[in-house]
Amino acid sequence: MNDVINFLKENPIQYLATLGLDNNPKVRPVQFMCEDEGKLYFCTSNEKIMYKELIKTNDLELTSASPEFVWIRISGKANFTNNLKIKEKVINSSELVKGLYEKADNPVFEVYSIEGKATIADFSGNPPKEYKI
């Protein structure tokens, strides 16, 4: 799991794919916020289309790549939480997020974890590494 966390921190822009409300794929940049008890946390606003897509169909895929052509793919399901302790940890992990939402109990601030599988691969010819998340 540390490999996954380190990769996400070292490559801070990830791209999240969802099934759009129009049933077509949608991709947008997101950012890993933090880890807590083995769960990877991200955030959004419940006023955004992405939130509505993940509520309708919580299946997603996330990817990012390093300048050295190493990449990660995370496939899984979004699980939203209202746990204020987790929301506080997320909001305090990013000045940008804190500036947008100000407080963990902001009614539009949503936090979700991803449960599934992470794969880190490269062009070395070595097999990809897989992690349950």
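Each reported figure results from applying straightforward, stated rules to the coordinates on display, with no laboratory input. Predicted model only: the values in this text are computed from it and were never measured. Every residue, glycine among them, receives a Cβ derived from its backbone with ideal geometry; neighbour counts consider all protein chains shown.
In the range 77-92, how many residues are within 18 Å of PRO12 (Cα to Cα) and either touching a His at 6+ places or on another chain (Cβ under 6 Å) or in a loop (DSSP other than H, G, I, E, B) (or both)? Steps first, answer last, please.
To start, the set of residues in the range 77-92 that are within 18 Å of PRO12 (Cα to Cα) comprises 89-92.
After this cut, where a residue has to be either touching a His at 6+ places or on another chain (Cβ under 6 Å) or in a loop (DSSP other than H, G, I, E, B) (or both) as well, the list is 92.
Residues in the range 77-92 being within 18 Å of PRO12 (Cα to Cα) and either touching a His at 6+ places or on another chain (Cβ under 6 Å) or in a loop (DSSP other than H, G, I, E, B) (or both): 1 in total.
Contact map, the range 2-22: residues that are under 20 Å from GLU115 (Cβ atoms) paired with residues that are of a type in the set (S, T, N, Q), Cβ distance under 6 Å, separation 6+ or inter-chain. Pairs shown: GLN14/SER64; TYR15/THR63; LEU19/THR57. Do we find a residue being surrounded by 17 or more Cβ atoms within 10 Å (Cβ to Cβ), within 30 Å of ASN126 (Cα to Cα), without any contact (Cβ under 8 Å) to a residue 40 or more places away in the chain and not β-branched (Val, Ile, Thr) anywhere in the range 60-77? Among the residues of the range 60-77, not one is surrounded by 17 or more Cβ atoms within 10 Å (Cβ to Cβ), within 30 Å of ASN126 (Cα to Cα), without any contact (Cβ under 8 Å) to a residue 40 or more places away in the chain and not β-branched (Val, Ile, Thr), which makes the answer no.
Looking across LYS129, LYS39, LYS56, LYS98, one residue alone is in contact with a Ser or Thr (Cβ under 6 Å, 6 or more places away or on another chain) and of a type in the set (D, E, K, R). It is LYS39.
Among the residues in the range 45-55, are any buried (at least 17 other Cβ atoms within 10 Å of the Cβ), hydroxyl-bearing (Ser, Thr, Tyr) and in contact with a helix residue (DSSP H, G or I) (Cβ under 7 Å, 6 or more places away or on another chain)? No: the range 45-55 contains no residue that is buried (at least 17 other Cβ atoms within 10 Å of the Cβ), hydroxyl-bearing (Ser, Thr, Tyr) and in contact with a helix residue (DSSP H, G or I) (Cβ under 7 Å, 6 or more places away or on another chain).
Considering only residues in the range 1-27 that are over 17 Å from ILE72 (Cβ atoms) and in a strand (DSSP E or B), the one that is nearest to the chain's Cα centre (by Cα) turns out to be THR18. Residues of the range 97-133 that are in contact (Cβ under 8 Å) with a residue 60 or more places away in the chain, outside any loop (DSSP other than H, G, I, E, B) and under 21 Å from ASN46 (Cβ atoms): VAL97, PHE109, GLU110, VAL111, TYR112, SER113, ILE114, GLU115. Of the residues in the range 38-76, how many are hydroxyl-bearing (Ser, Thr, Tyr), closer than 12 Å to LEU16 by Cβ and part of a loop (DSSP other than H, G, I, E, B)? Residues flagged as hydroxyl-bearing (Ser, Thr, Tyr), closer than 12 Å to LEU16 by Cβ and part of a loop (DSSP other than H, G, I, E, B) within the range 38-76 amount to 0.
When each of GLU115, GLU95, GLU110 is tested for being acidic (Asp, Glu), farther than 16 Å from TYR15 by Cβ and in contact with a Phe, Trp or Tyr (Cβ under 7 Å, 6 or more places away or on another chain), the lone residue that passes is GLU110.
Looking at the range 40-47, can you tell me whether even one residue there is touching a residue at least 40 places away in the same chain (Cβ under 8 Å), acidic (Asp, Glu) and under 24 Å from ASN83 (Cβ atoms)? Taking every residue of the range 40-47 in turn, at least one turns out to be touching a residue at least 40 places away in the same chain (Cβ under 8 Å), acidic (Asp, Glu) and under 24 Å from ASN83 (Cβ atoms).
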